Amino acid sequence: MTVRATVNRRIVLAARPRGLPTPANFRLEETDVPTPGEGQVLLRTLYLSLDPYMRNLMDEVGPGYAPSIEVGAPIVGGTVSRVVVSRNEQYRAGDLVLGSAGWQDYAVSDGKELTPLGDLERPSLALSGLGMPAFTAYVGLLDIGQPQPGETVVVAAATGAVGSVVGQIAKLQGARVVGIAGGPEKCRHAVQELGFDACIDRRSPHWAEQLAAACPGGIDVYFENVGGEVFEAVLPLLNLGARVPVCGFIAHYNDESLPEGPNRLPTLLAAVLQKRIRMQGFIILDHYARRFDAFRRDMGGWIAAGRIKVREDVIDGLENAPAAFIGLLQGHNFGKLIVRVARE
Ligand SMILES: NC(=O)c1ccc[n+]([C@@H]2O[C@H](COP(=O)([O-])OP(=O)(O)OC[C@H]3O[C@@H](n4cnc5c(N)ncnc54)[C@H](OP(=O)(O)O)[C@@H]3O)[C@@H](O)[C@H]2O)c1
């Protein structure tokens, strides 16, 4: 006889962070496992995705595309879960689903926002190579960046969830790809495993000069993941007609005020105007209805054929999520950061 757990561990926002979050911003709580009502399912979290946007949702004034997390509420997050109890005719106990159960062991759902995963052999892929970050890379690069054969594409956070896929898809399009990553081991991985043409270690003292040397013909597509000094080094290298999909700017997510120093807005505007640069921001939530099926088909094929490699950085235990998340904001993750909440 299997005895069902009665305790639900969850991690809530204990206090809003100022700058880089600390462990004191999180609190592990125990509550009762919720009981599913009519039309609902009870979900057991297997894998939890940790993503940079969570930092933005911890601020009182959020980024607009999703509500801020209330103090005392569980941290939000994408999850792969097993249906434990179903009172919804669309799901059966044992089904594997993608959802947003957040940082907790159990959750109830009315099923509307769940995606059945069938018998996906590597379930965590639904959060990594077949999930939101890879879809972000696909849409941002192909629809906005539009790299042409022989063009130079630059992407930072190059071994991370989004950047690693950006670089590999750009290679499949025939582009030359230069990555920027934190540390020699990540850079070796980008070149030797992911097939990038070059990778610059942003922690080395002369990385900006190295970047310029690695892009002798300038940069045609800069996939913006980080902002900060990386964007400053990239801007003078952008070619006439360059495209800049603005995906994120993680270097600033912990900023409490604007940076000091001269106002560089005129320099940016002059470059955008004179070089006819096209910069376009995008939020991936807007693109699921129109593009997800094509992504799923293409990526599924590329991963199965070994043409795109997916590296996951898997941390065991829900209780370790806060430290892993703080590490993500400092570049400690190496691949898509995922918490294994339960082993089956
Ligand atoms: N627009 C959208 O809808 C959307 C969707 C998903 C993600 N995003 C954005 O995409 C970007 C990448 O996300 P991800 O999930 O793929 O994360 P990730 O790359 O797996 O992890 C974050 C990485 O960012 C780099 N980083 C951290 N602080 C940095 C700093 N101060 N300067 C330069 N690099 C820094 C680190 O890599 P290194 O140490 O190797 O440099 C770190 O490993 C983020 O900006 C995220 O917000 C946007």
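Output the lone cysteines of the chain: those with no second cysteine's C-beta under 4.7 Å from their C-beta.
Cys215, Cys247
Under 8 Å for C-alpha pairs, at least 6 residues apart: give me the relative contact order for the chain, rounded to a whole percent.
On the way: 726 pairs, mean separation 58.2, N = 344.
Once divided by the residue count of the chain, the mean separation gives 17 percent.
Return the FRET efficiency for the residue pair Asp59, Ala323: r is the Cβ-Cβ distance, R0 is 22 Å, and the value is rounded to the nearest 0.05.
0.60
On a 0 to 90° scale, report how tilted helix 163-172 is relative to the longest principal axis of the chain, with both axes built from alpha carbons and the result rounded to the nearest 10.
60
Within the chain, how many Lys pairs sit with Cα atoms under 25 Å apart, leaving out pairs fewer than 8 places apart on the same chain?
7
So if we plug the beta-carbon distance of Ala15 and Arg276 into 1/(1 + (r/R0)^6) with R0 = 56 Å, what FRET efficiency do we get, rounded to 0.05?
FRET efficiency, Ala15 to Arg276: 0.75.
Quick one: dipole size for region 56-175, taken about the Cα centre, charges +1 on Lys/Arg Cβ and -1 on Asp/Glu Cβ, in debye to the nearest 20.
Around 300 debye, computed over region 56-175.
Taking a ≥ b ≥ c as the square roots of the eigenvalues of the Cα gyration tensor of the chain, is the shape rounded (a/c under 1.5), prolate (a/b larger than b/c) or oblate? It would help to have the intermediate numbers written out before the result.
Working: a/c = 2.09, a/b = 1.62, b/c = 1.30.
It is prolate, given that a/c is not under 1.5 and a/b is the larger ratio.
Taking 8 Å as the Cα distance limit and 6 or more residues as the minimum spacing, I'd like the relative contact order of region 185-344 as a percentage. All intermediate terms of the calculation are to be shown ahead of the outcome.
On the way: 165 pairs, mean separation 25.4, N = 160.
In percent, rounded to a whole number, it is 16.
Separation of region 113-146 and region 268-344 by C-alpha centroid, Å?
What the calculation gives is 8 Å, centre to centre.
Rounded, prolate or oblate: pick one for region 129-256, where a ≥ b ≥ c are the square roots of the eigenvalues of its C-alpha gyration tensor, a/c under 1.5 means rounded, and failing that, prolate if a/b is larger than b/c, else oblate. Numbers along the way, then the final one.
Values: a/c = 1.16, a/b = 1.08, b/c = 1.08.
Because its axes are fairly even, with a/c under 1.5, region 129-256 counts as rounded.
Which shape class applies to region 256-333: rounded if a/c is under 1.5, otherwise prolate when a/b exceeds b/c and oblate if not, where a ≥ b ≥ c are the square roots of the Cα gyration tensor eigenvalues? Could the numbers behind the result be given before it?
Numbers: a/c = 2.55, a/b = 1.28, b/c = 1.99.
It is oblate, given that a/c is not under 1.5 and a/b is not larger than b/c.
Taking R0 as 35 Å, what FRET efficiency do you get between Gln330 and Glu38 from their Cβ-Cβ distance, rounded to the nearest 0.05?
The pair Gln330/Glu38 has a calculated efficiency of 0.20.
Work through the residues other than Gly37 whose Cβ is under 15 Å from its Cβ and net out their charges, Lys, Arg +1 and Asp, Glu -1.
Net local charge, Gly37 excluded: -2.
What whole number of Å gives the distance from the Cα centroid of region 236-266 to the Cα centroid of region 21-92?
Each part's Cα centre sits 32 Å from the other's.
I want to check the label-to-label distance for Ile283 and Arg264. Put each point 7 Å from Cα in the C-beta direction and report it in nm to one decimal.
2.7
At 222 nm, what helix-only mean residue ellipticity would the chain give, in deg cm²/dmol to the nearest 500, using -39500 (n - 2.57) for each DSSP H run of four or more?
Taken over the chain, the calculation gives -6500 deg cm²/dmol.
Readers should treat all values here as calculations from the given coordinates under stated rules, not as data from a laboratory. Just so it is clear, the structure is predicted and the values come from calculations on it, not from any experiment. Cβ: placed from backbone, ideal geometry, glycine included. Neighbour counts: every protein chain shown.
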